[in-house]
Amino acid sequence: MPGRRIRPTFSIPLSPEPKEAMSILRDRLQGTNYQECTRSKGRCADFFVDEEKRKIWSPHLSVQVEPEGGGSLLRGRFGPHPELWTLYMFLYTAVGFLATLGLILGFVQWQSGMSPWGFWGAVIGIPGILVLYGISATGQKLSAHQMEELKDRIDELVRGMEREPQPPRT
């Protein structure tokens, strides 16, 4: 995964239509040793790390198969487990709100000639955002091998269904 993104993504063009592609994926999943770590419904599937290997920073892979030009496109997105992602986004929103409110309140107080104690919100909030981003990057670094394992599962399941790349239109 080049670079650090909060939720890394990838795409794989497939030859079959979405319904057929998901049907093939579900059939192939039945013969694997990780079918217990997968949930699937409709055109979506979620892949998890095996229970005994799972840590708080372990990734979760969510894939969707969408129609695209006579075939389909499998889109995958890595992230923390949904419960942890909800907490992470709540904290990100709260700290961002604190920083923004602190900047606005501090600026208004400063312009009004009052003591600008509101800037303390920004002093706490901006480093808080950086700390949360650092936690995200650390979690990705600790779970990089697990992300590769989940990606390898997808690659194994779609082998032979990939669509040939289309030449660019001129």
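Restricting the range 1-24 to residues that are over 13 Å from Glu162 (Cβ atoms) and buried (at least 16 other Cβ atoms within 10 Å of the Cβ), which is modelled with the lowest pLDDT? Checking each candidate, the answer is Ile6. Taken together, the residues in the range 133-157 that are among the acidic types (Asp, Glu) and within 15 Å of the chain's Cα centre (by Cα) amount to 1. Taking first residues from the range 33-45 that are closer than 25 Å to Glu17 by Cα and partners that are of a type outside the set (Val, Ile, Thr) and assigned to a helix (DSSP H, G or I), the Cβ contacts under 7 Å between residues at least 6 apart in sequence or on separate chains come to Tyr34/Arg153; Gln35/Leu29; Thr38/Leu29; Ser40/Arg26; Arg43/Pro18; Arg43/Met22; Ala45/Leu25.
Among the residues of the range 124-151, which ones are of a type in the set (Val, Ile, Thr) and surrounded by 13 or more Cβ atoms within 10 Å (Cβ to Cβ)? Residues satisfying the conditions are Ile124, Ile126, Ile129, Ile135. If you go through the range 18-41 and keep only what is in contact with a strand residue (DSSP E or B) (Cβ under 8 Å, 6 or more places away or on another chain) and under 16 Å from Glu156 (Cα atoms), you end up with Ala21, Met22, Leu25, Arg26, Leu29, Tyr34, Cys37, Thr38.
Within the range 69-80, the set of residues being farther than 14 Å from Phe10 by Cβ and touching a residue at least 40 places away in the same chain (Cβ under 8 Å) comprises Gly69, Gly71, Ser72, Pro80. Is it fair to say Gly106 is surrounded by 14 or more Cβ atoms within 10 Å (Cβ to Cβ) and at pLDDT below 90? Considered against the rule, which asks whether it is surrounded by 14 or more Cβ atoms within 10 Å (Cβ to Cβ) and at pLDDT below 90, Gly106 comes out as no. Restricting attention to the range 100-152, the residues that are under 30 Å from Ala45 (Cβ atoms) and touching a Leu at 6+ places or on another chain (Cβ under 8 Å) total 4. Within the set Glu149, Glu52, Glu66, Glu83, the sole residue that is touching a residue at least 12 places away in the same chain (Cβ under 8 Å), in a helix (DSSP H, G or I), of a type in the set (Asp, Glu) and under 30 Å from Ser23 (Cα atoms) turns out to be Glu149.
Yes or no, residue by residue, for (1) in a helix (DSSP H, G or I); (2) surrounded by 13 or more Cβ atoms within 10 Å (Cβ to Cβ):
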| position | (1), (2) |
| --- | --- |
| Asn33 | no, no |
| Phe47 | no, yes |
| Phe78 | no, yes |
| Tyr88 | yes, yes |
| Val95 | yes, yes |
| Leu101 | yes, yes |
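The values are calculated or read from the model by the stated rules, or taken from the named source; none is laboratory data. The structure presented is a predicted model; accordingly, all values stated were derived computationally and were not measured. Methodologically, a virtual Cβ is constructed for each residue, glycine included, from the backbone with ideal geometry; neighbour enumeration extends over all protein chains shown.
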